[in-house]
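Engineer: Before we start, here is the structure in question, set down as structure tokens.
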Amino acid sequence: MTTDSRLIPAAVIGGLLAIGLIGAGALIGQGVINARAGDRSVTVRGLAEKDVKADLAVLPIRFTASGEVLSEVQARIDGDLVIVRQFLKAQGYPDASVDLGPLGVADTRSREYASQTGGPRFILNQTVVVRTNDVDRVQTTTRNLNDLVRQGVLLQDFQGPSYIFTRLNDVRLAMIAEATAAARTGAVQFAKDSGAPLGPIKSAGQGSFEILPRDGSGDESTSLNKKVRVVTTISYRLK
């Protein structure tokens with residue numbers, strides 16, 4: 001369907017039923033109009049969207065070591081931890097932004113019905129978590145993780161950083177105002193085309209805010225650039 005700046009009638013049932021699509025700009029979105037003859041009202045939906053950038057990044061770095069002698073495996077994990085900390089310091093992170101997770105220890109021979117051959121007995125893993133508002137630095141760090149591999153650190157289950165937008169309250173009121181304005185634009189246009197003056201608000205509701213990947217694909221949590229969306233639904237009386 002082609003969006004137009006005016007209401008496009010879609011069907012007429014029982015005297016009065018219209019559905020329209022109103023262009024409201026890149027950030028305001030569209031207003032969807034419905035009307036009922038019985039109570040002479042029009043219900044409109046206003047969409048507001050805003051492109052935002054994440055302001056918090058969480059980067060977990062998990063590494064592992066294995067072997068037959070627990071003390072030797074522990075020593076390798078301790079050595080890898082030193083390398084990881086030095087790497088993060090070289091990347092520019094203060095100590096306060098780096099947290100140490102719990103040490104995981106698995107004894108494969110202690111499990112019930114475990115095979116006594118075919119693999120190392122002890123498997124240890126350690127996680128270091130970077131939490132920072134410097135999201136651009138985290139992107140650079142992610143690209144440089146090969147430096148750890150070159151130094152013998154065995155990374156495990158690396159999923160990449162998570163990017164979070166925490167400033168929703170900073171944009172919330174303005175977006176509600178934009179969505180409400182888009183809804184009223186649709187109602188005014190419908191009233192004008194139908195020859196029925198627009199009356200006061202009968203009811204109003206706000207949907208939940210959604211945070212989506214800006215490009216519309218992929219996982220929102222791994223997207224540095226995001227899109228915030230909200231829809232308001234407002235019913236106006238027709239005079």
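Engineer: Just one of the numbered conditions (1) modelled with pLDDT of 95 or more; (2) within 27 Å of the chain's Cα centre (by Cα) is not true of Gly101; which one?
Structural biologist: For Gly101, the failing item is (1).
Engineer: How many of the residues making up region 208-218 are surrounded by 13 or more Cβ atoms within 10 Å (Cβ to Cβ) and either touching a helix residue (DSSP H, G or I) at 6+ places or on another chain (Cβ under 7 Å) or modelled with pLDDT under 90 (or both)?
Structural biologist: Qualifying residue count for the region: 4.
Engineer: Could I ask something else about it? I'm trying to understand the selection: among the residues of region 42-77, which are touching an Asp or Glu at 6+ places or on another chain (Cβ under 8 Å) and open to solvent by less than 60 Å² (accessible area, probe 1.4 Å)?
Structural biologist: Gly46, Ala48, Ala57, Phe63, Ala65
Engineer: Mind checking which residues of region 167-187 are open to solvent by 10 Å² or more (accessible area, probe 1.4 Å) and within 14 Å of Ser235 (Cα to Cα)?
Structural biologist: Those that are open to solvent by 10 Å² or more (accessible area, probe 1.4 Å) and within 14 Å of Ser235 (Cα to Cα): Thr180, Ala181, Arg184, Thr185.
Engineer: Please indicate, with yes or no, whether at least one residue in region 193-201 is assigned to a loop (DSSP other than H, G, I, E, B), at pLDDT below 95 and aliphatic (A, V, I, L, M).
Structural biologist: Of all residues in region 193-201, those assigned to a loop (DSSP other than H, G, I, E, B) come to 195-197.
Subsequent filtering for residues that are at pLDDT below 95 retains 195-197.
If we keep only those that are aliphatic (A, V, I, L, M) as well, we get 196.
Yes; the residues of region 193-201 include at least one that is assigned to a loop (DSSP other than H, G, I, E, B), at pLDDT below 95 and aliphatic (A, V, I, L, M).
Engineer: Kindly list the number of the only condition in (1) more than 30 Å from the chain's Cα centre (by Cα); (2) farther than 30 Å from Ile61 by Cβ; (3) among the small types (Gly, Ala, Ser) that fails for Gly152.
Structural biologist: (2)
Engineer: Let me ask something additional. Taking Gly205 and the conditions (1) open to solvent by 80 Å² or more (accessible area, probe 1.4 Å); (2) out of contact with any Asp or Glu (no Cβ under 9 Å at 6 or more places or on another chain); (3) of a type outside the set (A, V, I, L, M), which numbered condition does it fall short on, given that it satisfies the others?
Structural biologist: (1)
Engineer: Among the candidates Leu124, Leu59, single out the residue that is at pLDDT 95 or above, under 34 Å from the mean Cα position of the chain (by Cα) and closer than 30 Å to Val230 by Cβ.
Structural biologist: The conditions single out Leu59.
Engineer: Thr140 is checked against (1) exposed (fewer than 12 other Cβ atoms within 10 Å of the Cβ); (2) without any contact (Cβ under 8 Å) to a residue 24 or more places away in the chain and fails just one. What number does that condition carry?
Structural biologist: Condition not satisfied by Thr140: (2).
Engineer: Something else now. Identify, please: which residue in region 219-239 is assigned to a strand (DSSP E or B) and open to solvent by 60 Å² or more (accessible area, probe 1.4 Å) and is, among those, farthest from Gln139 (Cα to Cα)?
Structural biologist: So the residue we want is Arg237.
Engineer: Failed condition for Asp80, given (1) open to solvent by 80 Å² or more (accessible area, probe 1.4 Å); (2) modelled with pLDDT of 85 or more; (3) among the acidic types (Asp, Glu), with all others met?
Structural biologist: Going through (1) open to solvent by 80 Å² or more (accessible area, probe 1.4 Å); (2) modelled with pLDDT of 85 or more; (3) among the acidic types (Asp, Glu) one by one, Asp80 breaks only (1).
Engineer: If you take the residues of region 155-175 that are in contact with a Ser or Thr (Cβ under 7 Å, 6 or more places away or on another chain) and at pLDDT below 95, which of them is farthest from Val82 (Cα to Cα)?
Structural biologist: So the residue we want is Gly160.
Engineer: Would you mind telling me which numbered condition in (1) under 11 Å from the mean Cα position of the chain (by Cα); (2) not in a loop (DSSP other than H, G, I, E, B) Gly216 fails?
Structural biologist: The failed condition is (2).
The values are calculated or read from the model by the stated rules, or taken from the named source; none is laboratory data. From a predicted model like this one, the values you see are computed outputs, not experimental measurements. Note that each Cβ is placed from the backbone with ideal geometry, even for glycine, and that neighbours are counted across all protein chains shown. Side chains included, ligands, DNA and RNA excluded: accessible areas come from the protein's heavy atoms. Shrake-Rupley method; radii C 1.70, N 1.55, O 1.52, S 1.80 Å.
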